[in-house]
1. Can you tell me which residues in the stretch 57-75 are part of a loop (DSSP other than H, G, I, E, B) and at negative phi?
2. Going by the conditions given, is Thr133 outside any loop (DSSP other than H, G, I, E, B) and open to solvent by 30 Å² or more (accessible area, probe 1.4 Å)?
3. Given the residues Val68, Val59, which is the only one that is open to solvent by less than 20 Å² (accessible area, probe 1.4 Å), closer than 27 Å to Ala17 by Cα and touching a Pro at 6+ places or on another chain (Cβ under 6 Å)?
4. Taking the stretch 24-47, which residues are of a type in the set (Val, Ile, Thr) and open to solvent by 50 Å² or more (accessible area, probe 1.4 Å)?
5. Take Glu206 and decide whether it is modelled with pLDDT under 95, within 27 Å of Arg38 (Cβ to Cβ), assigned to a helix (DSSP H, G or I) and out of contact with any strand residue (DSSP E or B) (no Cβ under 9 Å at 6 or more places or on another chain).
6. Name every residue in the stretch 72-88 that is in contact with a helix residue (DSSP H, G or I) (Cβ under 6 Å, 6 or more places away or on another chain) and either surrounded by 14 or more Cβ atoms within 10 Å (Cβ to Cβ) or in contact (Cβ under 8 Å) with a residue 60 or more places away in the chain (or both), in order of residue number.
7. Quickly run through the stretch 147-174 and pick out the residues that are open to solvent by 30 Å² or more (accessible area, probe 1.4 Å) and within 15 Å of Leu194 (Cβ to Cβ).
8. In the stretch 89-102, what count of residues is obtained for those that are of a type in the set (A, V, I, L, M) and open to solvent by less than 30 Å² (accessible area, probe 1.4 Å)?
Amino acid sequence: MTQSTGPDLNKGCSAAALTWPARKVHLAVLAAFAETGRAPVQGDLERIARGHDADPAPVLAELAARDVIAFGARGEIRAAYPFSPVPTPIQVTWAGGPVTYAMCAIDALGISAMLGHPVAITAAEPGAGRIITVHADRDRARWDPQNTVVFAGATGDDGCPSAERTCGYINFFTSPRAARTWADHHPAITGTVLDQAQAQGQGVAEFGAFMQTGDDTATQP
């Protein structure tokens, strides 16, 4: 198990580098998840792109290349970091909102800052299934159990989408010992144990500005 501050997901920089039409589609996808807990269909994304005088095919290709959205073989969304369109072991809810699922623990910890209001995270510890809860309010949180940590792991080539390389290996554990034990039993996964401040800090850094309008960051025509 290597020692580091965890994988650099680089999602904030990737979103900021999007062209204007791609950024508008990206924001619409995140808004759909925040409002309904579900992914918009490909036709909706194509209509949004055309509404900004853009050809949908290169816009969707750009979103995939920047790895801010991952698409399946039929064009369906299979990851819209930090959200997952299918259930994962990490559920995120908030007052008046839908049930959503996070792609990984760091993604979950960034959702409150991204949305601008408190969220409740409920996760199952890999292997043991013990339940962990985190009540996050932007850069603050209450963790139960109190010794909860995040193991931030990765596998495969650096060029792989996060959905394959990291998302399944960044998880909550009830203690540093539980995380290290899991890592020792999975030698193909390289990573490190993050304490609560490190994990939440990375989540906020990655996703805190993700739903800003993009008016001053996206490349406009």
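The values are calculated or read from the model by the stated rules, or taken from the named source; none is laboratory data. These numbers were taken from a predicted model, which means no experiment stands behind them. Note that each Cβ is placed from the backbone with ideal geometry, even for glycine, and that neighbours are counted across all protein chains shown. For the accessible areas, the whole protein counts, side chains as well, though only heavy atoms, and no ligand, DNA or RNA atoms are used. Shrake-Rupley method; radii C 1.70, N 1.55, O 1.52, S 1.80 Å.
1. Of all residues in the stretch 57-75, those part of a loop (DSSP other than H, G, I, E, B) come to 66-69, 72-75.
Arg66, Val68, Ile69, Gly72, Ala73, Arg74 - these are the residues of the stretch 57-75 that are part of a loop (DSSP other than H, G, I, E, B) and at negative phi.
2. On the way: outside any loop (DSSP other than H, G, I, E, B): yes; open to solvent by 30 Å² or more (accessible area, probe 1.4 Å): yes.
Criteria met by Thr133.
3. Numbers: Val68 fails: touching a Pro at 6+ places or on another chain (Cβ under 6 Å).
Exactly one of Val68, Val59 is open to solvent by less than 20 Å² (accessible area, probe 1.4 Å), closer than 27 Å to Ala17 by Cα and touching a Pro at 6+ places or on another chain (Cβ under 6 Å), namely Val59.
4. To start, the set of residues in the stretch 24-47 that are of a type in the set (Val, Ile, Thr) comprises 25, 29, 36, 41.
Listed by number, the residues that qualify are Thr36, Val41.
5. Working: modelled with pLDDT under 95: yes; within 27 Å of Arg38 (Cβ to Cβ): yes; assigned to a helix (DSSP H, G or I): yes; out of contact with any strand residue (DSSP E or B) (no Cβ under 9 Å at 6 or more places or on another chain): yes.
Criteria met by Glu206.
6. Restricting attention to the stretch 72-88, the residues satisfying the condition of being in contact with a helix residue (DSSP H, G or I) (Cβ under 6 Å, 6 or more places away or on another chain) are 75, 79-83.
Within the stretch 72-88, Ala79, Ala80, Tyr81, Pro82, Phe83 qualify.
7. Those that are open to solvent by 30 Å² or more (accessible area, probe 1.4 Å) and within 15 Å of Leu194 (Cβ to Cβ): Asn147, Tyr169.
8. Filtering the stretch 89-102 down to residues of a type in the set (A, V, I, L, M) leaves 90, 92, 95, 99, 102.
Right, trim to open to solvent by less than 30 Å² (accessible area, probe 1.4 Å) and you get 90, 92, 102.
Total meeting the criteria: 3.
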